[in-house]
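Q: To start, I am sharing the structure in question, which I have written as structure tokens.
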Amino acid sequence: QITGRVRVDSVSSQSGWLQLSLPFTNISSGGATPDQAYNGQIPCTTHDMNLDASVISTFLELASGSTGGYLMCQRDNGSWFPFNTSDLKNNDNEYIAFSGTYQTDA
């Protein structure tokens, strides 16, 4: 079980996906390709982030065999996409809050 809130103070290089490091490595079994090698999602909420108007939900996508959790967004048409750090406002008021469970290999 993991619960937390992360405040984005600033980003030195605003490019690429927004990734949070979790305290334990996610379970290592997964899909055969990188697009399928994710083993779970943790629902999250955001505050004051520059999300596309069509976004209806956000979640952390957990990478297989990694401590990485990537912020993903689901649009109202059912498609989803990774949140890019270039979309951060960089205003010292952006938050990600999350609570959920994930599996480890231990």
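The values are calculated or read from the model by the stated rules, or taken from the named source; none is laboratory data. Keep in mind the model is a prediction, meaning the values are calculated, not measured. Don't worry about glycine lacking a Cβ; one is built from the backbone with ideal geometry, like all the others, and counts go over all protein chains shown. All accessible areas refer to the heavy atoms of the entire protein, side chains included, with ligands and DNA or RNA removed. Shrake-Rupley method; radii C 1.70, N 1.55, O 1.52, S 1.80 Å.
Q: Amide H to amide H, which residues 5 or more places from Leu22 or on other chains are under 5 Å from it, using H placed in the peptide plane?
A: Amide H neighbours of Leu22, under 5 Å, 5+ apart: Gly68, Gly69.
Q: Output ³J(HN,Hα) for the range 42-58: one whole-Hz value per residue in order, computed from phi by the Karplus curve 6.51 cos²θ - 1.76 cosθ + 1.60 with θ = phi - 60°, and x for Gly and Pro.
A: 10, x, 8, 10, 10, 9, 6, 9, 7, 7, 4, 4, 8, 6, 10, 7, 10
Q: In whole percent, and with a 1.4 Å probe on the protein chains, what portion of the accessible area of the range 59-103 is carbon and sulfur?
A: 40
Q: Now for a different question. First obtain the Kirkwood hydrodynamic radius of the chain from its Cα pairs, then insert it into the Stokes-Einstein equation at 4 °C and 1.567 mPa s, and state the resulting D in µm² per second as a whole number.
A: Here the translational diffusion coefficient equals 91 µm²/s.
Q: Still on this model: Can you give me the convex hull volume of the Cα atoms of the range 56-103, divided per residue and expressed in Å³?
A: Enclosed volume per residue, from the Cα hull, is 115 Å³.
Q: How large is the charge dipole for the chain, taken about the Cα centre, if only the Cβ atoms of Lys, Arg (+1) and Asp, Glu (-1) carry charge, to the nearest 20 debye?
A: In total the dipole reaches around 140 debye.
Q: Compute the accessible area per residue over the chain, keeping the other protein chains in place, probe 1.4 Å, unit Å².
A: 57
Q: Work through the residues other than Asp48 whose Cβ is under 15 Å from its Cβ and net out their charges, Lys, Arg +1 and Asp, Glu -1.
A: Summing Lys and Arg as +1 and Asp and Glu as -1 gives -2.
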